[in-house]
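Report on one structure; see the data block that follows.
The values are calculated or read from the model by the stated rules, or taken from the named source; none is laboratory data. Fair warning: this is a prediction, and the values are worked out from it, not measured in the lab. Note: ideal-geometry Cβ built from the backbone for every residue, glycine included; neighbour counts use all protein chains shown. SASA here: full protein model, heavy atoms, side chains in, ligands and nucleic acids out. Shrake-Rupley method; radii C 1.70, N 1.55, O 1.52, S 1.80 Å.
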Amino acid sequence: MSWQRRLTDAEFAAHSAWEQDRRDRAALLADPQQPPAFGPMPQPEECTTQVFACADHALSLDAAARIHRATCTAPAAADLPDCDCVPEPAPSAEPETTADNFAAVLPPGWN
């Protein structure tokens with residue numbers, strides 16, 4: 001069983017330093033005429049880490065499907081049923097694409 005949690009402040013600082021180093025090396029190796037275009041630096045609310053649990057310390061499937069806070073302790077013992085945090089809400093479901101709600105725009109003459 002595995003689940004995700006947000007990065008702690010120390011983990012995020014290390015991740016940001018690694019990302020900045022990666023960008024610096026890419027810019028150093030790039031053609032000066034065409035420097036790489038990087039997007040914005042990652043933000044804490046965008047970064048997660050995978051947490052692996054044994055069967056005795058696993059979360060419920062519902063809890064494992066959601067992202068937990070950085071300080072989540074998860075079950076600390078087999079008799080503790082779940083974690084001590086309130087996970088982020090599950091993402092809203094995307095509407096299913098069907099022939100009725102999908103309008104393809106074809107180039108002229110492709111009908």
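What number of residues within segment 43-76 satisfy the criterion of being part of a loop (DSSP other than H, G, I, E, B) and either within 19 Å of residue 90 (Cβ to Cβ) or modelled with pLDDT under 95 (or both)?
16
Return the residues of segment 23-64 that are in contact with a Phe, Trp or Tyr (Cβ under 9 Å, 6 or more places away or on another chain), open to solvent by 80 Å² or more (accessible area, probe 1.4 Å) and not polar (S, T, N, Q); say none if nothing qualifies.
The one that is in contact with a Phe, Trp or Tyr (Cβ under 9 Å, 6 or more places away or on another chain), open to solvent by 80 Å² or more (accessible area, probe 1.4 Å) and not polar (S, T, N, Q): 52.
When the residues of segment 5-22 are narrowed to those that are open to solvent by less than 70 Å² (accessible area, probe 1.4 Å) and among the polar types (S, T, N, Q), which ends up nearest to residue 86 (Cα to Cα)?
Filtering first and then ranking leaves 8.
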